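Visitor: Sharing a structure here in C-alpha cells format.
The values are calculated or read from the model by the stated rules, or taken from the named source; none is laboratory data. A quick note: this is a predicted structure, and the numbers were derived from the prediction, not measured. Glycine gets a Cβ as well: all are built from the backbone with ideal geometry, and neighbour counts include every protein chain shown. Just the protein is used for accessible areas: all its heavy atoms, side chains included, with ligands, DNA and RNA removed. Shrake-Rupley method; radii C 1.70, N 1.55, O 1.52, S 1.80 Å.
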Amino acid sequence: MRIQCNLCEAAVAKVLCCADEAALCLECDEKVHAANKLVSEHQRLPLFSSSSFQMPKCDICQEISGFFFCLQDRALLCRKCDVAIHTVNSVVSCHQRFLLTGVEVDVGTKTDTIGASCFNA
C-alpha cells in the first residue's frame, strides 16, 4: 500500500515528518523543511512500501486480519474486536489507535519514546 503526500495530495509519500505528523513526497518535504532553521531540524523518517506485505491476524480473535494497532494495549485488532474493546468505557475509547497500512518506517538505530495522554473535554 502506498501513502499519498499529505501536502500536494498527488505524489507518493517518501518521508514521515514526526513533528508535523505528515507523510510527504520528496518535493514537498524539501519545500516545507527549507522554510527556516527550526523546521529544517524536524526528524524525518523514510517510508518503504512492501508489495509482499501480508496483514497479520488480529491478536484477539486470531481469525481476521488486523488493521488497527492500539498503542496502549500494544495489540493489533480487526475492526470487530477494535469496536468491541474500545467502546466499553471512556477510558479505553481514548486509546490511541493507528491504521496498519503495510508501509514500513525506517527508524534506523534510534529509539524514540512515544508518550500519549488523553484529555476529556
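Visitor: Using +1 at the C-beta of Lys and Arg and -1 at the C-beta of Asp and Glu, which of Leu47, Leu24, Cys5 has the Cα lying farthest in the positive direction of the dipole of the range 1-53?
Guide: So the residue furthest toward the plus end is Leu47.
Visitor: Could you compute the net charge surrounding Ser65? Neighbours are other residues with a C-beta less than 13 Å from the C-beta of Ser65; K and R count +1, D and E count -1.
Guide: Net local charge, Ser65 excluded: 0.
Visitor: Another question about this same structure. With a 1.4 Å probe and all protein chains kept in place, how do Leu26, Leu38, Leu47, Leu77 rank by accessible area, largest first?
Guide: Ranked from most to least accessible, the order is Leu38, Leu26, Leu47, Leu77.
Visitor: Using unit Cβ charges (K, R positive; D, E negative) and no other charged atoms, how large, in debye to the nearest 20, is the dipole of the range 1-81 about its Cα centre?
Guide: It comes to approximately 200 debye.
Visitor: To continue, here is another question. What are the extents of the Cα atoms of the range 54-100 along their three principal axes, listed from largest to smallest and rounded to whole Å?
Guide: 32, 16, 13
Visitor: Rolling a 1.4 angstrom probe over the protein chains, ignoring ligands and nucleic acids, what is the accessible area of Phe98 in square angstrom, nearest 10?
Guide: Rounded to the nearest 10, the figure is 100 Å².
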